[in-house]
1. Got a sec to turn the phi values of segment 118-127 into Karplus ³J(HN,Hα) couplings, 6.51 cos²θ - 1.76 cosθ + 1.60 with θ = phi - 60°, whole Hz, x for Gly and Pro?
2. Mind listing the phi-derived Karplus ³J(HN,Hα) values for segment 97-106, rounded to whole Hz, using 6.51, -1.76 and 1.60 with θ = phi - 60°, and x for any glycine or proline?
3. Distance in nm between label sites at MET143 and LEU100, each 7 Å beyond Cα in the beta-carbon direction?
4. How do 106-116, 240-250, 158-168 rank on mean C-beta neighbours within 10 Å, highest first?
5. Assuming R0 = 22 Å, what is the FRET efficiency of TYR253 and LEU214, from their Cβ-Cβ distance, to the nearest 0.05?
6. Provide the FRET efficiency to the nearest 0.05 for the CYS187-ASP27 pair, computing r from the beta carbons and using R0 = 30 Å.
7. Show the residues, 5+ positions off or on another chain, whose built amide H is closer than 5 Å to the amide H of ARG87.
8. Calculate one ³J(HN,Hα) per residue across segment 137-144 by plugging θ = phi - 60° into the Karplus curve 6.51 cos²θ - 1.76 cosθ + 1.60, and present them in order as whole Hz with x for glycine and proline.
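None of the figures in this text is laboratory data; all of them are computed from the coordinates on show. Computed from a prediction, not measured in an experiment: that's the story for all the values here. Glycine also receives a Cβ, built like all others from the backbone with ideal geometry; neighbour counts cover every protein chain displayed.
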Amino acid sequence: MSNDDPWANLQSDMLNQIVKYIHSYEDYARLRLVCKPWSLTLTKTPEHKYPWLVTLPSVEDSIETHGLREKEINQMRLPQMQNHVFRGSSCGFLVILGLLDGSLHLLNPFTKVSFDLSPISTLPDIANYLPDYFVNEYVMRDMVDGSTATVERIHMNNTSVYKIIISSPPDRDTHDFRAVVIYGDHCRLGFYRLAVVIYQRRKHHLAAHGNGRLLMVGMHYAFTRNPGSYAYQTNNFNIYMLTKNEPEWSRLYNLGNYALVLGLNSSISTIPQAFTYTKPNHIYYTDNLLEHHHVKDVGGHDIGVFDLESGSNSQLFPAAQFLLPPPVWLCQ
C-alpha cells in the first residue's frame, strides 16, 4: 500500500480514540485490516473493559456474543465448542469443559489461541478414573473420612468444576499464567501454575476488586416451587468491602461510579464509560446456580441487570426458563 494512503498516515492517538467507539469484536477485526500500519498498531483483541454476553446457540459449533445495545448479536463458528460448556472467562479467554472427556481448556474465541489445563480427573477428590468403563467411570474419595464411591462420567463432568479464572493473559511462548479453580461439593479451591496442580481444602467467596479494595458479594434468590422443579430469580445483593489495614468487612450499599460484572467470569469492578452501555451503581450478572441447572426444565435463565439505588431488576431473557449451557460474560 502506498505511503500516501491517508489511513496509513493517521496518528496513533487518533486511531486509539476511534477504537473506543468500536463496540463489536467483528468490527474491530475489520478495522485492523484497513491497512498494515493499523494491523501492527492495534492488538489482536480490543482492550475494552465492557462486558459481552457469550451464549451457545442451537448450532453446536458456534457461539453468539450479545452486546448491551438492543439487538446487537454477533455469531462466530467455533468447532471447539461441540460437546463443551463454559466454566469461566478471564482476560478475554473462555474456560471450556469437555462433557465427554472432562478436559479443560482456555480459548480466546477471537484469536483462536488455546491452552490446555489439567483435566478434572486430576482433582484430589477423584481417586481413580476408568475411561474404558461404560458407567461409573470415576471413583470419588470423601475428603473427610476417606471413603470412596463411583460416579457416572457425564454427571461428574457436568458438576465437578464450578468456576475457573486466570491471573493474567497467558503467553504462547512461556505459558506464564496461574489459574484458580472452584471445585467439588464444598467449593474447594485449586491452583494451576505451569501445568502443576496445587489444591487447598477451603470454601470460597465470590469477590471482586474495586478501587484498590476487596469486595465480597452475596446473591439472594427468590424460589418458586413448580411441579417437579424450582423456578428462581435473583432479587437482591449484599455487598461487603475490605479496606487495606482494616480488620473487618464493612457493608456497602452504593457502588458510586462503579459497576460490577458477576457470574462464571472473573468478577469485575469497573467504571462505566458512555460508549460501553453499562451504568454505574448497577450489577450485571449471569446464572451461576449450577446445582439447579439440570433440574427438569429450569436453569441457566437467571441473567439480568440489578439497580442498587432502586432495587429494581431487569432480566435480559425474561421469557426463558431453560438456557443451558448458561451464558458467561466475556471481558478483556
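1. 4, x, 5, 5, 8, 4, x, 8, 9, 7
2. 10, x, 6, 8, 10, x, 6, 10, 9, 9
3. Rounded to a tenth, the inter-label distance reads 3.0 nm.
4. Result, highest mean first: 158-168, 106-116, 240-250.
5. E(calc), rounded to 0.05, equals 0.85.
6. According to the calculation, E is roughly 0.15.
7. VAL95, ILE96, LEU97
8. The phi angles translate into 6, 9, 10, 9, 10, 5, 6, 9 Hz.
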